[in-house]
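In what follows, a single structure is set out as C-alpha cells and then discussed.
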Amino acid sequence: MIWSNFVWRIIIFSVAGLGIGGNFFLFAKHVYASVMGLKKKPMDFIIIQLTLSNAITLWASGILDIRLPFHFNDYSGSVVCKIVVYLGRVARGLSICTSCLFSMVQAITISPRTVLWGKLKPQSPWQVLTSLLLFWIINFLISSNLLHYVTSVSSMNRSAVGMYLRHCYMIRSKQIIRWLFLSLMALRDVIFQSLMGWSSGHMAFCLYEHRKRVLYLHSSRLAKNSSPEIRATIRILILMICFLFFYWADFIFSFYIGSVLAPDSMILNIKVFLGLGYASLSPFVLISRDVSKVKYCHSH
C-alpha cells in the first residue's frame, strides 16, 4: 500500500507539473501578445483567465496532496486550509465560467454575419474584461462560506461533524446556509454549462453546414484542406467535450464519496485525477490550436 501510494503521488505530481507548465506557457504567451500587440484581442484575455484558473486549480490540488500540517500549529494549519480550499473552489468556478465564455465567443465568431450575432460579439477587449471581472466576484461570493467552515484536521474538534477534504476538514454548517450555497453553486453550473452546451452544439452545426457546402462546391481532395478557423473550432469543441467529461465524472465520484462514510482510497485517488484532468489537458489542446495556425501561415 505504501509503494502504491508513492507511485500514485508521482503520477499525480507529474500530471499537475505538466499542466502547470503548459498553462504558464500559454499565460505568458497571451500576456505578451495583449501587452505588446497593437490590437488587443478579446480571446487573449479569455485564455489568460482560463490558464490562470487552471494553474490555481492544479496548485491547490498539489498543496492538498502534500501533508499540510508539516510543522504548522493549529492556527496556521487552519489558515492554510482555508486559503487553499477557498482558492481551489474559486478557480473551479472560474474555469466553468471562462470555458463557457470561450465557447460562446468562438460560436459567435464562426456564425453567419447577421445583425443579431453582430450585436452579441464583443466589440472591444474591455467588454470581455468586464465579464471576466464579474466571474471573479460571483465565484468569490459563492465560495465565501469555505472561509468560515474549513479548518485543519489537527485543530478540529473531534466531536464536530463534517467532511474530510484531504488533510483539511469542512465543518458541517447550518442546513439553511448549506443549502443556500449549494443552490447558488448548482445554479451557476446549470446556467454556464447549458450555455456551453448550446454554443458547442451550434459550432458543431456550423461545421456540418460548412462541410456540406465545401463538398458541394469542391472536390473531396480540396474539402480536406479546411481553413484554420474551422480547425481551431474543432479543437475548441474537443476542449468543451473534455471539460464536460471531466466535470461530470468528478461530480459522480464526489456524489458517491459524499454518500459513503469510508470511501476506498482508490476512489479518492481517481477523483483527484479527474479534478486535475481538464486543467492539465486544456493548455495542450490550445497550444496545438496555436501551432496549427502557425503552420497554416507558413504554408501560405
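No value in this document is a laboratory result; all are computed from the given coordinates. Bear in mind that the values here come from a model prediction, so they are computed numbers and not experimental data. Here the Cβ is made from the backbone with ideal geometry for all residues, glycine too, and neighbour counts use every protein chain on show.
Summary of computed values
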{"read-out": "Ordering of 97-106, 17-26, 84-93 by burial proxy (mean other Cβ atoms within 10 Å per residue, highest first)", "value": "97-106, 84-93, 17-26"}
{"read-out": "Ranked list, fewest to most other Cβ atoms within 10 Å of each Cβ, for Asp44, Asp189", "value": "Asp189, Asp44"}
